[in-house]
Amino acid sequence: MRAIFLAQRLNLKALEKNQRVAASPFVMNAGMDGYAVLFKYGVVVLFGLDAMEEAAFIENLKLFTIEPLEKPETESVDIMVDASEADGVEPTYIHLKTWSIEHLQTIADIFAKSTVLSYYETRMADIFDRIEPVAQQLQHGGPKEKEARELLKHIGDTLSIQRKMIGQVQVDDKPDILWDKPELERLYLRLEDEYELKERHGALKEKLDMVYRTAETMLGMLSDKRTLRVEWYIVILIIFDIVISMGEKAYEYFFM
């Protein structure tokens, strides 16, 4: 099984309905005997495809992508089916007692979320690397305006991440399939725990909050600097006006 975060959005409505095997999440046939589970927030999870089939499927899927990622994020795991054992999760593979579309949907939901989290965890790490020099300058009197403007660009990135995680991916929400197949909830919870979805999502939100606090501090400092600068301009203008006035009076006194 391989999960691939391809794009910011997948246009599922444009896919042919006769290709759909199941809905919520969307499942379709792929390759000779495999399946693909697609999520509108840009992730496809492939089951039972070899390398050539996977490459061909992804190439065809590009027609339905919106804002494709320059470097797609991927995660993979082996799945073993053995009717003599119960569903379970091991460090290197997932064990299933039976192979069903509902099992695929449950597993796909976890890995789709995990792949998106991995992508944005990397993005946030990059943003923090860029923020660190600015934070150091805050300790020594404040940053330059150019660097502050650069930081504010990254604030836009964090807003985009928050919108994606809260408005589209909804990491904390369980999939609809569990309402129809409550017996799969145990497998879902074990996978959720194994891949630490809640903990990773919580850590990502904390980092987002930290970026916002840094931005607020930066904006406050810039505002204070501009206010102080304007005040000095006013003082200089007043002094200049006084000097001119005194010069005029001196001229009148000595020469008129």
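Ordering of 58-68, 192-202, 40-50 by packing is 40-50, 192-202, 58-68, highest average first (other Cβ atoms within 10 Å, averaged per residue). Taking 0.36 nm per residue of separation and subtracting the Cα-Cα distance, full extension of the segment from Ala22 to Ala55 would add 9.6 nm. Placing dummy labels 7 Å off each Cα toward the beta-carbon, the span from Met32 to Phe128 is 4.6 nm.
Computed extension length for Met210-Lys40: 58.3 nm, one decimal, from 0.36 nm per residue of separation with the Cα-Cα distance subtracted.
With K and R counted +1 and D and E -1, the other residues having a Cβ less than 14 Å from that of Asp82 yield a net charge of -3.
Using a simple spin-label model with pseudo-atoms 7 Å out from Cα toward Cβ, Leu69 and Arg186 lie 3.3 nm apart.
Readers should treat all values here as calculations from the given coordinates under stated rules, not as data from a laboratory. What you are looking at is a predicted structure, and each value in this text was computed from that prediction instead of being measured. Cβ coordinates were reconstructed from backbone atoms using ideal geometry, including for glycine residues, and neighbour counts include every protein chain displayed.
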